[in-house]
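Colleague: Questions regarding the structure given below will be posed in turn.
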Amino acid sequence: MSKLNREIAPECTKCSKKINGYTGLESGSKPSKGDISICFYCANVMTFTENLDVRPMTFEEIDNLEHSVYVPVMATVLAIKNR
Ligand SMILES: [Zn+2]
């Protein structure tokens, strides 16, 4: 895990909270198109667009995630919903 970055601030498509920080698996990495974002407030699963805005992921897109991605995404969603 790595640094918090406040350069971008799209809004959650579900609860409208500002997404004003993120962490990546690699130090210093920045989000890019297709990366996944999970809202810390409501556990909404989104994906970054070309211009680093976000849009909600469809159930089909989530279902089609590789197992190595799907498992930590779902674990994070459950952790947020159960806190
Ligand atoms: Zn949200």
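Just so you know, all these numbers are worked out from the coordinates, no wet-lab data involved. Nothing here was measured: the structure is a model prediction, and the numbers come from that model. Neighbour counts run over all protein chains shown; Cβ positions are idealised from the backbone, glycine included.
Colleague: For the chain, how big is the tail of P(r) above 20 Å, as a whole percent of Cα pairs?
Modeller: 29 percent
Colleague: Moving on to the next point. HN-Hα J couplings of the range 16-21 from phi, Karplus 6.51/-1.76/1.60, θ = phi - 60°, integer Hz, Gly and Pro as x?
Modeller: 6, 5, 5, 8, 9, x
Colleague: Compute a Gaussian network model of the chain, connecting alpha carbons closer than 10 Å, and tell me which residue from 72, 31, 56 fluctuates the most.
Modeller: Per the Cα network of the chain with a 10 Å cutoff, 72 tops the list.
Colleague: In deg cm²/dmol, rounded to 500, what helix-only [θ] at 222 nm does the chain give when every DSSP H run of at least 4 residues adds -39500 (n - 2.57) and the total is split over its residues?
Modeller: After summing the helix terms and dividing by the residues of the chain, the value is -7000 deg cm²/dmol.
Colleague: Would you work out the charge dipole size for the chain about its Cα centre, treating the Cβ of every Lys and Arg as +1 and the Cβ of every Asp and Glu as -1, and quote it to the nearest 20 debye?
Modeller: Dipole about the Cα centre, nearest 20: 480 debye.
Colleague: Please give, to one decimal in nm, the separation of the simple spin-label points placed at residue 71 and residue 20, each 7 Å out from Cα toward the Cβ.
Modeller: 3.6 nm
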